[in-house]
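What follows is a short report on a single structure.
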Amino acid sequence: MATVSLRQGDLVWGKLGRYPPWPGKIVNPPKDLKKPRGKKSFFVKFFGTEDHAWIKVEQLKPYNAHKEEMIKANKGKRFQQAVDAVEEFLKKKLAREQNAGDDKNKAGGKKVEGKSKKATGEKKRKSESTSLKSPKKPKDQSPRKRGRPPKDDKEDSAGDNWLLHGHRTLGTEMVLKKPSVTYQAISKRLKVSEEDTGSTSIQAADSTAINGSITPTDKKIGFLGLGLMGSGIVSNLLKMGHTVTVWNRTAEKVMTPKQCDLFIQEGAHLGRTPAEVVSTCDITFACVADPKAAKDLVLGPSGVLQGIRPGKCYVDMSTVDPETVIELAQVIVSRGGRFLEAPVSGNQQLSNDGMLMILAAGDQGVYEDCSSCFQAMGKTSFFLGEVGNAAKMMLILNMIQGSFMATIAEGMTLAQVTGQSQQTLLDILNQGQLANIFVDQKCQNILQGNFKPDFYLKYIQKDLRLAIALGDSVNHPTPMAAAANEVYKRAKALDQSDNDMSAVYRAYIH
(Lines give C-alpha, C1' and ligand atoms only; values in the text may rest on other atoms or scores of the structure.)
Protein backbone atom coordinates (compact mmCIF):
# COMPACT_ATOMS: atom_id res chain seq x y z
CA MET A 1 0.00 0.00 0.00
CA ALA A 2 1.17 3.52 -0.76
CA THR A 3 2.22 5.82 2.06
CA VAL A 4 -0.49 8.32 3.04
CA SER A 5 -0.86 11.21 5.48
CA LEU A 6 -2.78 9.95 8.51
CA ARG A 7 -3.55 11.11 12.03
CA GLN A 8 -5.14 9.99 15.28
CA GLY A 9 -8.81 9.09 14.84
CA ASP A 10 -8.76 8.33 11.11
CA LEU A 11 -10.80 5.48 9.68
CA VAL A 12 -8.49 3.27 7.63
CA TRP A 13 -8.01 0.02 5.82
CA GLY A 14 -5.19 -1.82 7.60
CA LYS A 15 -3.09 -4.63 6.11
CA LEU A 16 -2.19 -7.08 8.88
CA GLY A 17 0.57 -9.53 7.88
CA ARG A 18 -0.66 -11.91 5.18
CA TYR A 19 -4.29 -11.01 5.72
CA PRO A 20 -6.38 -8.86 3.37
CA PRO A 21 -7.09 -5.19 4.25
CA TRP A 22 -9.57 -4.80 7.13
CA PRO A 23 -11.50 -1.70 8.26
CA GLY A 24 -10.19 -0.09 11.42
CA LYS A 25 -9.52 3.14 13.23
CA ILE A 26 -6.29 4.76 14.41
CA VAL A 27 -6.52 5.02 18.20
CA ASN A 28 -4.33 5.76 21.19
CA PRO A 29 -2.31 2.72 22.33
CA PRO A 30 -2.29 1.76 26.02
CA LYS A 31 0.28 3.79 27.96
CA ASP A 32 2.43 0.74 28.72
CA LEU A 33 2.45 -0.62 25.16
CA LYS A 34 5.69 0.42 23.47
CA LYS A 35 5.70 1.44 19.83
CA PRO A 36 7.74 -0.91 17.61
CA ARG A 37 11.06 0.34 16.33
CA GLY A 38 11.67 1.05 12.68
CA LYS A 39 9.22 2.55 10.22
CA LYS A 40 6.40 4.83 11.38
CA SER A 41 3.41 2.88 12.70
CA PHE A 42 -0.08 3.60 13.99
CA PHE A 43 -2.03 1.63 16.58
CA VAL A 44 -5.24 0.38 14.93
CA LYS A 45 -8.45 -0.99 16.41
CA PHE A 46 -10.19 -3.26 13.88
CA PHE A 47 -13.97 -3.14 13.46
CA GLY A 48 -15.96 -6.33 13.95
CA THR A 49 -13.22 -7.93 16.07
CA GLU A 50 -11.44 -7.45 19.37
CA ASP A 51 -8.10 -7.19 17.59
CA HIS A 52 -5.62 -4.31 17.88
CA ALA A 53 -2.21 -4.03 16.20
CA TRP A 54 0.63 -1.70 15.34
CA ILE A 55 0.42 -1.25 11.57
CA LYS A 56 3.14 0.36 9.48
CA VAL A 57 1.97 3.53 7.74
CA GLU A 58 2.58 2.08 4.27
CA GLN A 59 0.11 -0.70 5.12
CA LEU A 60 -2.73 1.78 5.72
CA LYS A 61 -5.23 3.44 3.36
CA PRO A 62 -7.96 6.02 4.11
CA TYR A 63 -11.33 4.31 4.57
CA ASN A 64 -13.61 6.45 2.38
CA ALA A 65 -11.21 6.83 -0.53
CA HIS A 66 -10.74 3.06 -0.92
CA LYS A 67 -14.04 1.69 0.36
CA GLU A 68 -15.44 0.72 -3.03
CA GLU A 69 -12.38 -1.23 -4.19
CA MET A 70 -11.99 -3.03 -0.85
CA ILE A 71 -15.63 -4.10 -0.68
CA LYS A 72 -15.42 -5.34 -4.26
CA ALA A 73 -12.30 -7.41 -3.51
CA ASN A 74 -13.52 -9.01 -0.26
CA LYS A 75 -16.81 -10.90 0.05
CA GLY A 76 -16.46 -12.76 3.36
CA LYS A 77 -19.27 -12.68 5.90
CA ARG A 78 -17.05 -11.41 8.72
CA PHE A 79 -15.62 -8.76 6.45
CA GLN A 80 -19.09 -7.52 5.54
CA GLN A 81 -20.06 -7.42 9.20
CA ALA A 82 -17.01 -5.25 9.90
CA VAL A 83 -17.92 -2.86 7.08
CA ASP A 84 -21.50 -2.70 8.37
CA ALA A 85 -20.14 -1.81 11.81
CA VAL A 86 -18.18 1.10 10.32
CA GLU A 87 -21.20 2.39 8.40
CA GLU A 88 -23.45 2.11 11.45
CA PHE A 89 -20.85 3.99 13.47
CA LEU A 90 -20.84 6.83 10.91
CA LYS A 91 -24.65 6.98 10.71
CA LYS A 92 -24.99 7.34 14.46
CA LYS A 93 -22.34 10.04 14.50
CA LEU A 94 -24.06 12.00 11.77
CA ALA A 95 -27.43 11.68 13.52
CA ARG A 96 -25.95 13.02 16.76
CA GLU A 97 -24.43 15.99 14.98
CA GLN A 98 -27.67 16.80 13.19
CA ASN A 99 -29.58 16.65 16.49
CA ALA A 100 -26.96 18.87 18.11
CA GLY A 101 -27.35 21.38 15.26
CA ASP A 102 -31.16 21.40 15.62
CA ASP A 103 -30.84 21.99 19.36
CA LYS A 104 -28.56 24.97 18.73
CA ASN A 105 -31.00 26.46 16.26
CA LYS A 106 -33.88 26.10 18.70
CA ALA A 107 -31.86 27.68 21.48
CA GLY A 108 -30.83 30.54 19.20
CA GLY A 109 -34.44 31.15 18.18
CA LYS A 110 -35.54 31.60 21.78
CA LYS A 111 -32.76 34.07 22.50
CA VAL A 112 -33.62 36.38 19.57
CA GLU A 113 -37.35 36.20 20.10
CA GLY A 114 -38.92 39.70 20.41
CA LYS A 115 -35.92 41.59 19.09
CA SER A 116 -35.51 43.52 15.87
CA LYS A 117 -34.29 41.78 12.76
CA LYS A 118 -31.18 43.91 12.78
CA ALA A 119 -30.33 43.02 16.37
CA THR A 120 -31.12 39.39 15.68
CA GLY A 121 -28.81 39.33 12.70
CA GLU A 122 -25.99 41.00 14.60
CA LYS A 123 -26.32 38.58 17.49
CA LYS A 124 -26.46 35.63 15.13
CA ARG A 125 -23.28 36.74 13.39
CA LYS A 126 -21.64 37.31 16.74
CA SER A 127 -22.76 33.89 17.92
CA GLU A 128 -21.39 32.23 14.80
CA SER A 129 -18.05 33.96 15.17
CA THR A 130 -17.66 33.15 18.85
CA SER A 131 -18.88 29.55 18.58
CA LEU A 132 -15.63 28.60 16.84
CA LYS A 133 -12.55 28.17 19.02
CA SER A 134 -10.30 29.63 16.31
CA PRO A 135 -12.46 31.69 13.91
CA LYS A 136 -9.51 32.91 11.84
CA LYS A 137 -8.26 29.43 11.01
CA PRO A 138 -9.72 27.18 8.29
CA LYS A 139 -11.45 23.99 9.37
CA ASP A 140 -8.52 21.72 8.64
CA GLN A 141 -6.43 23.60 11.19
CA SER A 142 -8.36 22.60 14.27
CA PRO A 143 -6.68 23.74 17.50
CA ARG A 144 -6.55 20.15 18.74
CA LYS A 145 -3.04 18.76 18.92
CA ARG A 146 -2.22 16.12 16.33
CA GLY A 147 -2.33 12.61 17.73
CA ARG A 148 -4.46 13.53 20.78
CA PRO A 149 -8.04 12.16 20.79
CA PRO A 150 -10.90 14.50 21.74
CA LYS A 151 -11.89 14.58 25.38
CA ASP A 152 -15.54 14.05 24.58
CA ASP A 153 -18.10 13.95 21.78
CA LYS A 154 -18.76 17.71 21.96
CA GLU A 155 -15.15 18.64 21.27
CA ASP A 156 -15.02 16.32 18.24
CA SER A 157 -18.45 16.89 16.71
CA ALA A 158 -17.17 19.19 13.98
CA GLY A 159 -14.24 16.94 13.17
CA ASP A 160 -16.47 13.92 12.64
CA ASN A 161 -18.65 15.89 10.27
CA TRP A 162 -15.61 16.63 8.11
CA LEU A 163 -14.96 12.91 7.71
CA LEU A 164 -18.51 12.35 6.55
CA HIS A 165 -17.93 14.94 3.85
CA GLY A 166 -14.71 13.40 2.60
CA HIS A 167 -12.21 14.74 5.15
CA ARG A 168 -10.14 12.76 7.56
CA THR A 169 -10.99 13.47 11.20
CA LEU A 170 -13.08 11.00 13.21
CA GLY A 171 -14.42 10.80 16.74
CA THR A 172 -13.36 8.12 19.20
CA GLU A 173 -16.48 6.65 20.77
CA MET A 174 -15.41 3.12 19.83
CA VAL A 175 -12.28 3.46 21.93
CA LEU A 176 -13.76 5.55 24.71
CA LYS A 177 -16.39 2.91 25.40
CA LYS A 178 -13.61 0.73 26.83
CA PRO A 179 -11.03 3.10 28.34
CA SER A 180 -9.56 0.39 30.53
CA VAL A 181 -7.84 -1.55 27.73
CA THR A 182 -4.47 -2.81 28.99
CA TYR A 183 -1.33 -4.25 27.43
CA GLN A 184 -2.06 -7.60 29.07
CA ALA A 185 -5.47 -7.79 27.44
CA ILE A 186 -4.09 -6.89 24.05
CA SER A 187 -1.17 -9.28 24.32
CA LYS A 188 -3.63 -12.15 24.63
CA ARG A 189 -5.07 -11.23 21.23
CA LEU A 190 -1.82 -10.66 19.34
CA LYS A 191 1.16 -12.73 18.30
CA VAL A 192 4.36 -10.69 18.00
CA SER A 193 7.47 -12.12 16.37
CA GLU A 194 10.85 -10.44 15.83
CA GLU A 195 12.60 -11.43 12.59
CA ASP A 196 16.35 -11.29 12.07
CA THR A 197 15.83 -8.05 10.16
CA GLY A 198 14.47 -6.42 13.31
CA SER A 199 11.03 -5.85 11.79
CA THR A 200 7.99 -6.70 13.85
CA SER A 201 5.15 -8.83 12.53
CA ILE A 202 1.90 -8.88 14.48
CA GLN A 203 -0.80 -11.36 13.57
CA ALA A 204 -4.23 -11.77 15.10
CA ALA A 205 -4.40 -14.76 17.42
CA ASP A 206 -8.13 -15.12 16.77
CA SER A 207 -8.35 -16.22 13.16
CA THR A 208 -12.13 -16.58 13.15
CA ALA A 209 -12.72 -12.95 12.22
CA ILE A 210 -9.82 -12.88 9.79
CA ASN A 211 -10.79 -16.12 8.04
CA GLY A 212 -14.18 -14.65 7.22
CA SER A 213 -12.47 -12.14 4.91
CA ILE A 214 -10.25 -14.52 2.96
CA THR A 215 -10.07 -13.95 -0.76
CA PRO A 216 -9.23 -17.44 -2.05
CA THR A 217 -6.43 -17.81 -4.56
CA ASP A 218 -7.48 -18.49 -8.13
CA LYS A 219 -4.84 -21.23 -8.30
CA LYS A 220 -5.98 -24.85 -8.35
CA ILE A 221 -5.15 -26.61 -5.09
CA GLY A 222 -4.35 -30.30 -4.63
CA PHE A 223 -4.27 -32.13 -1.30
CA LEU A 224 -2.77 -35.55 -0.65
CA GLY A 225 -3.51 -37.29 2.65
CA LEU A 226 -6.84 -37.11 4.47
CA GLY A 227 -6.09 -38.34 7.96
CA LEU A 228 -6.97 -36.60 11.24
CA MET A 229 -5.18 -33.40 10.22
CA GLY A 230 -5.70 -33.44 6.47
CA SER A 231 -9.47 -33.83 6.61
CA GLY A 232 -9.91 -30.70 8.71
CA ILE A 233 -7.50 -28.73 6.54
CA VAL A 234 -9.30 -29.66 3.31
CA SER A 235 -12.68 -28.86 4.83
CA ASN A 236 -11.51 -25.35 5.71
CA LEU A 237 -9.94 -24.79 2.30
CA LEU A 238 -13.27 -25.63 0.69
CA LYS A 239 -15.29 -23.50 3.09
CA MET A 240 -13.15 -20.50 2.22
CA GLY A 241 -13.79 -20.93 -1.50
CA HIS A 242 -10.66 -22.71 -2.76
CA THR A 243 -10.78 -25.11 -5.69
CA VAL A 244 -9.45 -28.40 -4.28
CA THR A 245 -8.67 -31.83 -5.70
CA VAL A 246 -8.06 -34.54 -3.09
CA TRP A 247 -6.46 -37.96 -2.95
CA ASN A 248 -5.85 -40.37 -0.07
CA ARG A 249 -3.61 -43.44 -0.12
CA THR A 250 -5.79 -45.51 2.24
CA ALA A 251 -9.30 -44.44 1.39
CA GLU A 252 -10.84 -47.61 2.73
CA LYS A 253 -9.21 -47.11 6.15
CA VAL A 254 -9.18 -43.38 6.84
CA MET A 255 -11.58 -41.77 4.42
CA THR A 256 -15.00 -43.42 4.47
CA PRO A 257 -17.45 -43.17 1.55
CA LYS A 258 -19.50 -40.77 3.70
CA GLN A 259 -16.48 -38.51 4.14
CA CYS A 260 -15.82 -38.63 0.40
CA ASP A 261 -19.40 -37.57 -0.24
CA LEU A 262 -19.04 -34.69 2.21
CA PHE A 263 -15.96 -33.39 0.44
CA ILE A 264 -17.66 -33.74 -2.94
CA GLN A 265 -20.73 -31.89 -1.62
CA GLU A 266 -18.45 -29.10 -0.44
CA GLY A 267 -17.03 -28.84 -3.95
CA ALA A 268 -13.92 -31.07 -3.93
CA HIS A 269 -12.73 -33.07 -6.92
CA LEU A 270 -11.30 -36.57 -6.46
CA GLY A 271 -7.95 -37.43 -8.01
CA ARG A 272 -7.00 -40.97 -9.01
CA THR A 273 -3.26 -40.75 -8.28
CA PRO A 274 -0.80 -38.27 -6.72
CA ALA A 275 0.72 -37.73 -10.17
CA GLU A 276 -2.68 -36.80 -11.60
CA VAL A 277 -3.39 -34.36 -8.77
CA VAL A 278 -0.02 -32.62 -9.12
CA SER A 279 -0.24 -32.40 -12.92
CA THR A 280 -3.70 -30.79 -12.83
CA CYS A 281 -3.14 -28.43 -9.89
CA ASP A 282 -0.95 -25.37 -9.41
CA ILE A 283 -0.13 -26.00 -5.74
CA THR A 284 -0.29 -29.46 -4.17
CA PHE A 285 -0.16 -29.98 -0.40
CA ALA A 286 0.67 -33.31 1.24
CA CYS A 287 0.16 -34.39 4.83
CA VAL A 288 1.15 -37.98 5.62
CA ALA A 289 2.31 -39.97 8.63
CA ASP A 290 6.09 -40.32 8.56
CA PRO A 291 9.28 -40.10 6.45
CA LYS A 292 8.63 -43.39 4.66
CA ALA A 293 5.11 -42.34 3.65
CA ALA A 294 6.41 -38.93 2.52
CA LYS A 295 9.05 -40.54 0.30
CA ASP A 296 6.66 -43.15 -1.10
CA LEU A 297 4.19 -40.42 -2.00
CA VAL A 298 6.79 -38.59 -4.08
CA LEU A 299 8.97 -41.41 -5.43
CA GLY A 300 6.51 -44.33 -5.59
CA PRO A 301 4.41 -45.61 -8.53
CA SER A 302 2.22 -42.84 -9.97
CA GLY A 303 3.84 -40.59 -7.39
CA VAL A 304 4.19 -36.84 -7.16
CA LEU A 305 7.45 -36.78 -9.09
CA GLN A 306 5.74 -38.17 -12.19
CA GLY A 307 3.32 -35.24 -12.22
CA ILE A 308 5.83 -32.48 -11.53
CA ARG A 309 6.35 -29.99 -14.36
CA PRO A 310 8.25 -26.69 -14.39
CA GLY A 311 6.47 -24.19 -12.18
CA LYS A 312 4.38 -26.74 -10.28
CA CYS A 313 4.43 -26.16 -6.51
CA TYR A 314 4.67 -28.93 -3.92
CA VAL A 315 4.12 -28.24 -0.22
CA ASP A 316 4.91 -31.04 2.25
CA MET A 317 3.06 -30.54 5.55
CA SER A 318 4.21 -33.83 7.10
CA THR A 319 6.35 -33.89 10.24
CA VAL A 320 9.54 -35.58 9.09
CA ASP A 321 13.29 -35.34 9.68
CA PRO A 322 15.31 -32.61 7.90
CA GLU A 323 17.23 -35.14 5.81
CA THR A 324 14.00 -36.46 4.30
CA VAL A 325 12.59 -33.05 3.49
CA ILE A 326 15.88 -31.92 1.91
CA GLU A 327 15.92 -35.05 -0.27
CA LEU A 328 12.33 -34.40 -1.39
CA ALA A 329 13.11 -30.77 -2.15
CA GLN A 330 16.06 -31.76 -4.32
CA VAL A 331 14.12 -34.21 -6.47
CA ILE A 332 11.17 -31.81 -6.91
CA VAL A 333 13.43 -28.92 -7.91
CA SER A 334 15.42 -31.19 -10.26
CA ARG A 335 12.25 -31.55 -12.34
CA GLY A 336 11.62 -27.80 -12.43
CA GLY A 337 9.16 -27.82 -9.56
CA ARG A 338 9.06 -25.45 -6.59
CA PHE A 339 9.19 -26.77 -3.03
CA LEU A 340 8.04 -25.61 0.38
CA GLU A 341 8.00 -27.55 3.63
CA ALA A 342 5.17 -26.48 5.94
CA PRO A 343 4.60 -28.90 8.86
CA VAL A 344 1.69 -27.98 11.12
CA SER A 345 1.53 -27.82 14.90
CA GLY A 346 -1.80 -28.74 16.47
CA ASN A 347 -4.31 -31.55 16.78
CA GLN A 348 -7.51 -32.75 15.16
CA GLN A 349 -9.69 -30.17 16.90
CA LEU A 350 -7.43 -27.27 15.92
CA SER A 351 -7.34 -28.60 12.38
CA ASN A 352 -11.14 -28.66 12.24
CA ASP A 353 -11.30 -25.13 13.68
CA GLY A 354 -8.75 -23.72 11.22
CA MET A 355 -6.44 -22.79 14.11
CA LEU A 356 -3.26 -24.70 13.29
CA MET A 357 0.19 -23.13 13.45
CA ILE A 358 2.23 -23.49 10.27
CA LEU A 359 6.04 -23.56 10.15
CA ALA A 360 7.33 -23.04 6.62
CA ALA A 361 10.74 -23.06 4.92
CA GLY A 362 12.04 -23.26 1.38
CA ASP A 363 10.77 -21.29 -1.62
CA GLN A 364 9.48 -17.99 -0.19
CA GLY A 365 7.55 -17.29 -3.38
CA VAL A 366 5.54 -20.47 -2.82
CA TYR A 367 4.97 -19.41 0.79
CA GLU A 368 3.46 -16.15 -0.44
CA ASP A 369 1.38 -17.95 -3.07
CA CYS A 370 -0.05 -20.13 -0.28
CA SER A 371 -1.22 -17.09 1.69
CA SER A 372 -4.99 -17.62 1.41
CA CYS A 373 -4.58 -21.37 2.02
CA PHE A 374 -2.60 -20.80 5.20
CA GLN A 375 -5.20 -18.26 6.36
CA ALA A 376 -7.92 -20.86 5.89
CA MET A 377 -6.16 -23.64 7.76
CA GLY A 378 -4.25 -21.83 10.49
CA LYS A 379 -4.17 -18.99 12.98
CA THR A 380 -0.61 -18.03 12.10
CA SER A 381 2.42 -19.08 10.09
CA PHE A 382 6.17 -18.54 10.30
CA PHE A 383 8.65 -18.52 7.42
CA LEU A 384 11.93 -19.95 8.74
CA GLY A 385 14.30 -19.72 5.77
CA GLU A 386 15.99 -22.60 4.00
CA VAL A 387 14.60 -26.11 3.61
CA GLY A 388 15.10 -28.23 6.73
CA ASN A 389 14.59 -25.45 9.25
CA ALA A 390 10.86 -26.05 9.59
CA ALA A 391 11.42 -29.79 10.11
CA LYS A 392 13.94 -29.09 12.86
CA MET A 393 11.68 -26.58 14.63
CA MET A 394 8.65 -28.88 14.44
CA LEU A 395 10.59 -31.82 15.92
CA ILE A 396 11.76 -29.60 18.78
CA LEU A 397 8.18 -28.48 19.47
CA ASN A 398 6.84 -32.03 19.45
CA MET A 399 9.75 -33.23 21.57
CA ILE A 400 8.73 -30.70 24.23
CA GLN A 401 5.06 -31.64 23.94
CA GLY A 402 5.71 -35.39 24.08
CA SER A 403 8.02 -35.10 27.07
CA PHE A 404 5.50 -32.89 28.85
CA MET A 405 2.69 -35.39 28.25
CA ALA A 406 4.80 -38.20 29.70
CA THR A 407 5.45 -36.07 32.79
CA ILE A 408 1.75 -35.33 33.20
CA ALA A 409 0.95 -39.05 33.06
CA GLU A 410 3.72 -39.78 35.55
CA GLY A 411 2.34 -37.20 37.96
CA MET A 412 -1.21 -38.50 37.68
CA THR A 413 -0.13 -42.07 38.45
CA LEU A 414 2.10 -40.95 41.34
CA ALA A 415 -0.87 -39.09 42.83
CA GLN A 416 -2.96 -42.24 42.59
CA VAL A 417 -0.44 -44.61 44.19
CA THR A 418 0.23 -42.20 47.06
CA GLY A 419 -3.45 -41.87 47.89
CA GLN A 420 -3.98 -38.41 46.41
CA SER A 421 -7.00 -37.47 44.37
CA GLN A 422 -6.23 -37.18 40.66
CA GLN A 423 -9.16 -34.79 40.24
CA THR A 424 -7.80 -32.58 43.01
CA LEU A 425 -4.39 -32.60 41.32
CA LEU A 426 -6.03 -31.41 38.10
CA ASP A 427 -7.96 -28.70 39.98
CA ILE A 428 -4.70 -27.48 41.49
CA LEU A 429 -2.94 -27.52 38.12
CA ASN A 430 -5.77 -25.53 36.58
CA GLN A 431 -5.35 -22.82 39.19
CA GLY A 432 -1.56 -22.62 38.97
CA GLN A 433 1.10 -21.50 36.54
CA LEU A 434 0.79 -24.67 34.46
CA ALA A 435 -2.88 -24.06 33.70
CA ASN A 436 -3.60 -24.48 29.98
CA ILE A 437 -6.00 -26.26 27.64
CA PHE A 438 -3.51 -29.03 26.84
CA VAL A 439 -3.06 -30.04 30.50
CA ASP A 440 -6.78 -29.93 31.19
CA GLN A 441 -7.78 -31.96 28.12
CA LYS A 442 -5.13 -34.64 28.59
CA CYS A 443 -5.84 -35.02 32.32
CA GLN A 444 -9.56 -35.29 31.54
CA ASN A 445 -8.72 -38.11 29.11
CA ILE A 446 -6.93 -39.92 31.92
CA LEU A 447 -9.70 -39.33 34.48
CA GLN A 448 -12.39 -40.54 32.07
CA GLY A 449 -10.34 -43.37 30.57
CA ASN A 450 -11.20 -41.96 27.14
CA PHE A 451 -8.23 -42.04 24.77
CA LYS A 452 -9.95 -41.33 21.47
CA PRO A 453 -7.13 -40.07 19.24
CA ASP A 454 -6.67 -36.34 18.83
CA PHE A 455 -2.93 -36.81 18.21
CA TYR A 456 -1.91 -40.44 17.70
CA LEU A 457 0.48 -41.84 20.32
CA LYS A 458 2.50 -43.59 17.60
CA TYR A 459 3.13 -40.26 15.89
CA ILE A 460 4.36 -38.44 18.98
CA GLN A 461 6.71 -41.36 19.65
CA LYS A 462 7.93 -41.10 16.05
CA ASP A 463 8.61 -37.38 16.57
CA LEU A 464 10.49 -38.04 19.81
CA ARG A 465 12.65 -40.60 18.01
CA LEU A 466 13.40 -38.14 15.20
CA ALA A 467 14.14 -35.34 17.68
CA ILE A 468 16.62 -37.55 19.53
CA ALA A 469 18.30 -38.34 16.22
CA LEU A 470 18.42 -34.62 15.45
CA GLY A 471 20.21 -34.06 18.75
CA ASP A 472 22.63 -36.88 17.99
CA SER A 473 23.44 -35.33 14.59
CA VAL A 474 24.82 -32.23 16.30
CA ASN A 475 26.19 -34.06 19.36
CA HIS A 476 23.60 -32.45 21.66
CA PRO A 477 22.23 -34.52 24.59
CA THR A 478 18.47 -35.08 24.84
CA PRO A 479 18.12 -37.18 28.02
CA MET A 480 14.61 -36.02 28.90
CA ALA A 481 13.29 -36.82 25.43
CA ALA A 482 15.10 -40.18 25.52
CA ALA A 483 13.43 -41.10 28.81
CA ALA A 484 9.99 -40.04 27.52
CA ASN A 485 10.57 -42.02 24.33
CA GLU A 486 11.07 -45.21 26.34
CA VAL A 487 7.73 -44.68 28.10
CA TYR A 488 5.95 -44.25 24.76
CA LYS A 489 7.64 -47.36 23.40
CA ARG A 490 6.24 -49.28 26.38
CA ALA A 491 2.79 -47.83 25.71
CA LYS A 492 3.04 -48.97 22.09
CA ALA A 493 3.91 -52.47 23.31
CA LEU A 494 0.66 -52.33 25.27
CA ASP A 495 -1.29 -51.74 22.02
CA GLN A 496 -1.81 -48.00 22.59
CA SER A 497 -0.36 -46.88 19.23
CA ASP A 498 -3.69 -45.87 17.70
CA ASN A 499 -4.95 -44.14 20.85
CA ASP A 500 -4.34 -40.54 21.81
CA MET A 501 -0.90 -39.58 23.14
CA SER A 502 -2.45 -39.28 26.61
CA ALA A 503 -2.73 -43.07 26.59
CA VAL A 504 0.95 -43.05 27.59
CA TYR A 505 -0.63 -43.04 31.06
CA ARG A 506 -1.27 -46.75 30.66
CA ALA A 507 2.44 -47.42 30.46
CA TYR A 508 2.68 -46.43 34.12
CA ILE A 509 -0.16 -48.61 35.43
CA HIS A 510 0.91 -51.97 34.00
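The values are calculated or read from the model by the stated rules, or taken from the named source; none is laboratory data. Model, not experiment: these values are computed from the prediction. Neighbour counts run over all protein chains shown; Cβ positions are idealised from the backbone, glycine included. Just so you know, the surface numbers come from the protein's heavy atoms only, side chains and all, with ligands and any DNA or RNA stripped out. Shrake-Rupley method; radii C 1.70, N 1.55, O 1.52, S 1.80 Å.
What full-extension length gain, to one decimal in nm, is calculated for VAL333 and ASP102 as 0.36 nm per residue of separation minus the Cα-Cα distance?
Working: separation 231, 0.36 × 231 = 83.16 nm, distance 7.12 nm.
Stretched fully, the VAL333-ASP102 segment lengthens by 76.0 nm.
The apolar share of the surface of the stretch 350-463, taken as the fraction of accessible area on carbon and sulfur atoms (1.4 Å probe, ligands and nucleic acids excluded), comes to 54 percent. What the Cβ-Cβ distance of ILE396 and LEU94 gives, at R0 = 60 Å and to the nearest 0.05, is a FRET efficiency of 0.65. The packing ranking, built from the mean of other Cβ atoms within 10 Å per residue, places the peptides 400-413, 425-438, 82-95 in the order 400-413, 82-95, 425-438, highest first.
Local charge for LEU447 was computed over the other residues whose Cβ lies under 12 Å away, with Lys and Arg +1 and Asp and Glu -1, and equals -1.
The distance from the alpha carbon centre of the stretch 373-450 to that of the stretch 275-325 is 30 Å, rounded to a whole number. Would the stretch 436-510 count as rounded, prolate or oblate if I go by the C-alpha gyration tensor, calling it rounded below 1.5 in a/c and otherwise prolate when a/b exceeds b/c, oblate otherwise? In terms of gyration-tensor shape, prolate.
Residue-wise HN-Hα couplings along the stretch 500-505, as the Karplus relation 6.51 cos²θ - 1.76 cosθ + 1.60 with θ = phi - 60° gives them from phi, are 5, 4, 5, 5, 4, 3 Hz; Gly and Pro carry x. Measuring against 21 Å, Cα to Cα, the residue pairs LYS67/LYS239; LYS295/LYS462; LYS442/LYS462 contain LYS67/LYS239 as the ones spanning a longer distance. Take the Cβ atoms of ASP427 and PHE404, set R0 to 30 Å, and the FRET efficiency comes out at 0.95. Evaluated at q = 0.21, 0.24 Å⁻¹, a Debye calculation over the C-alpha positions of the stretch 355-460 (equal weights, vacuum) places log10 I(q)/I(0) at -1.12, -1.29.
Hey, with R₀ at 22 Å, roughly what FRET efficiency would GLN364 and ALA73 work out to, going by the Cβ-Cβ distance, to 0.05? If you can, show how the numbers build up before the last one.
Values: r = 24 Å, r/R0 = 1.08.
It comes out at approximately 0.40.
Rounded to the nearest 5, what % of the DSSP beta bridges within the stretch 321-434 are antiparallel ones? Present the calculation step by step, with values, prior to reporting the outcome.
Working: 4 of 9 bridges.
Taking every DSSP beta bridge within the stretch 321-434, about 45 percent pair in antiparallel fashion.
Once the 1.4 Å probe is applied to the protein heavy atoms, the stretch 217-362 comes out at 40 Å² accessible per residue. Amide H contacts under 5 Å for LEU270: VAL246, restricted to partners 5 or more places along the chain or on a different chain, H placed in the peptide plane at 1.01 Å from N. Converting phi to 3J(HN,Hα) with the Karplus coefficients 6.51, -1.76 and 1.60 and the offset θ = phi - 60°, the stretch 395-405 yields 5, 5, 4, 6, 4, 5, 5, x, 5, 5, 5 Hz in sequence order, with x at every glycine or proline.
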